[in-house]
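Presented below is the structure to which this report refers.
Bear in mind these aren't lab numbers, they're just calculated from the coordinates by the rules spelled out. Since we're looking at a predicted model, the values are computed, not measured. Cβ: placed from backbone, ideal geometry, glycine included. Neighbour counts: every protein chain shown.
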Amino acid sequence: MGARVNYLIAYATTEGQTDKIAKFIAKILSQEGHEVRFHNVSDLSGGLSVSEYDRVIVAGSVHSGQHQADLQLFVFANREQLGAKPGMLISVSLAAAFPDTADEAKGYADTFLEAAHWKPAQTVLIAGAVKPGLYDWFEKSALLEGDLAAHVNEDLEETREFTDWNALTEQVSEFARL
């Protein structure tokens, strides 16, 4: 085990999958002996100084082609501090689950980073989940008619998780070794 590192995991979640992913990452880093703090960027209470951390992991999910506005604002507002330390972006999208939509997933992350003016040391595209119980008619329709329609069950009745936890473990461990 290397030196103890102080990590900030700043995230935004819409359906809860990114929250689950952030907690999973924290467990990996904690087991490796590091300090970890979670911060949901939508929670504006309490002062947070990015400069207090050695490394920052930013995680957010893509909905309707974009990451959460709160996440975008957090990264843009802290871009200088983020740029001064090793950082990782975890972009969670259903498009990341399939080879034929992988370029789309990369485009979401690239667009986010360009708008935020941030260049993290590592960008990870990770598949999310389909949680039909949380979708309204419009969201269900968009999912069944979009690029991902061939990959989801037409009845959209059951949650289906596409997150590759083993790949995520490898990528987070690789980042921790930087």
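The table for this structure:
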{"quantity": "Residues 5, 92, 124, sorted so that the one with the fewest Cβ neighbours within 10 Å comes first", "calculated": "5, 124, 92"}
{"quantity": "Residue order, fewest to most beta carbons within 10 Å, for 106, 23", "calculated": "23, 106"}
{"quantity": "Residues 61, 49 arranged by fewest to most Cβ contacts within 10 Å", "calculated": "49, 61"}
{"quantity": "Separation between Cα centres of the stretch 1-29 and the stretch 37-68, rounded to whole Å", "calculated": "10 Å"}
